[in-house]
Amino acid sequence: MLLRVFAAVAFVAALTTASRLSGAIFTSLVDGTQVNANIYASKEDVFLNGGPSANGNCGRAGLPAGDYYFMVTDPSGRTLLSTDPITQRKVSVGAAGVFSSAFDHATHAGTCGGITVQLMPYLDTPNNGGEYKVWITPVSKYSPGNENHGFIPSDSKTDNFKVRTSTPPITGCLNLHKIYDANADGIRDENEVVVNGWQFSVQSTVPNSPIAYYTTPVQVFLPLGTYTVCDLRPKDWQSTPWRATTPLCGTVTVSDSECIDVNRLCYCVGLEGPAPLPTPCLVPDEFETLGKRSFVANSKDLYVNS
């Protein structure tokens, strides 16, 4: 009987181990040189490495071959700091267990025959100690709308690092919500539910500011100021059943006095008017990106002025 118990425990432990992502990640300077205590002089100096490091250990801690997404957050993982779309934060790992290519980030020759990948762009951390966390997860395990911005801890690897800062910026926050407008009246009623997995864009009204993209549910910490917030149309939106009942874009002023709820409403066109959630409508897999386009105030359909 005791032997059976030990066998069962060993079997469960083996399953738990098998379910976790093997290998390692670490941050470094551009050439793969590791930094004492993981403290960097600037955000631009931080590069991501996948798998083994040097010092004779090139055969150890390799990541499984495949495609991965990465992101930068605050130390808790609660606040997403990476500002470009997830599809632009994609890296590939070859048979040696190190990064072999990156989709849209600067790279450089690193250690063990791999490359380093620059983490920028990402926002300043709200952490008073200047601390950040970088995550990596297989593309096949990415789960938008779930915990930690789609990066499930058991399927991810993380590494913390710090950037020297002078005075931490004063920040406020936005809670971004997409609401299913069951009666299509453009007003959120008490019984109307949140639609998870919808994409928003946030951009400061200061000229030439970058656009950051977020997937609901999400709480965004930002420096104080005024921002244009848009809930994005599904890709090829005219051929989808989703329709907005509130303007797609609007300006929001972020202050340090309260966290502001940004609620945008929509419904799904059924055979006889608005359809119940979620059938027959699924949250779109792909959304448009704004690029350098501007928005039309109070429009439920349009972003661009021209």
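Observations
- Condition met for Thr205 (in contact (Cβ under 8 Å) with a residue 40 or more places away in the chain, more than 26 Å from Phe70 (Cβ to Cβ) and surrounded by fewer than 18 Cβ atoms within 10 Å (Cβ to Cβ)): yes
- If you go through segment 45-103 and keep only what is under 15 Å from Lys157 (Cα atoms) and aliphatic (A, V, I, L, M), you end up with Leu48, Ala61, Leu63, Ala65, Met71, Val72, Val91, Val93, Val98.
- Flag if Asn175 is assigned by TED's automatic domain parsing to the domain that holds Gly270, part of a loop (DSSP other than H, G, I, E, B) and in contact with an Asp or Glu (Cβ under 9 Å, 6 or more places away or on another chain): no
- Condition met for Thr228 (among the β-branched types (Val, Ile, Thr) and modelled with pLDDT of 90 or more): yes
- When Ser101 is tested against (1) touching a residue at least 40 places away in the same chain (Cβ under 8 Å); (2) touching a Ser or Thr at 6+ places or on another chain (Cβ under 7 Å); (3) surrounded by fewer than 15 Cβ atoms within 10 Å (Cβ to Cβ), just one condition goes unmet, and that condition is (1).
- Within segment 231-261, tally of residues that are within 21 Å of the chain's Cα centre (by Cα), at pLDDT below 90 and either in the same structural domain as Asp84 (by TED's automatic domain parsing) or part of a strand (DSSP E or B) (or both): 3
- Subset of segment 219-251 (residues that are crowded, with 16+ Cβ neighbours inside 10 Å and hydrophobic (A, V, I, L, M, F, W, C)): Val220, Phe221, Leu222, Val229, Cys230, Leu232, Trp237, Trp242, Ala244, Leu248, Cys249
- Flag for Thr73 being closer than 18 Å to Thr27 by Cβ, touching a strand residue (DSSP E or B) at 6+ places or on another chain (Cβ under 9 Å), in the same structural domain as Ile152 (by TED's automatic domain parsing) and in contact (Cβ under 8 Å) with a residue 12 or more places away in the chain: yes
- Entirely in segment 66-167, the strands (runs of 3 or more DSSP E) that have 1 or more residues that are closer than 23 Å to Gly51 by Cα and within 12 Å of the chain's Cα centre (by Cα): 66-73, 90-93, 131-138
- Residues in segment 99-150 that are basic (Lys, Arg) and over 30 Å from Ile170 (Cβ atoms): Lys141 only.
- Any hit, segment 174-186, residues being crowded, with 17+ Cβ neighbours inside 10 Å, at pLDDT 90 or above and either of a type in the set (S, T, N, Q) or over 30 Å from Thr246 (Cβ atoms) (or both): no
The values are calculated or read from the model by the stated rules, or taken from the named source; none is laboratory data. What you are looking at is a predicted structure, and each value in this text was computed from that prediction instead of being measured. No Cβ is skipped: glycine too gets one built from the backbone with ideal geometry, and neighbour counts run over all protein chains shown.
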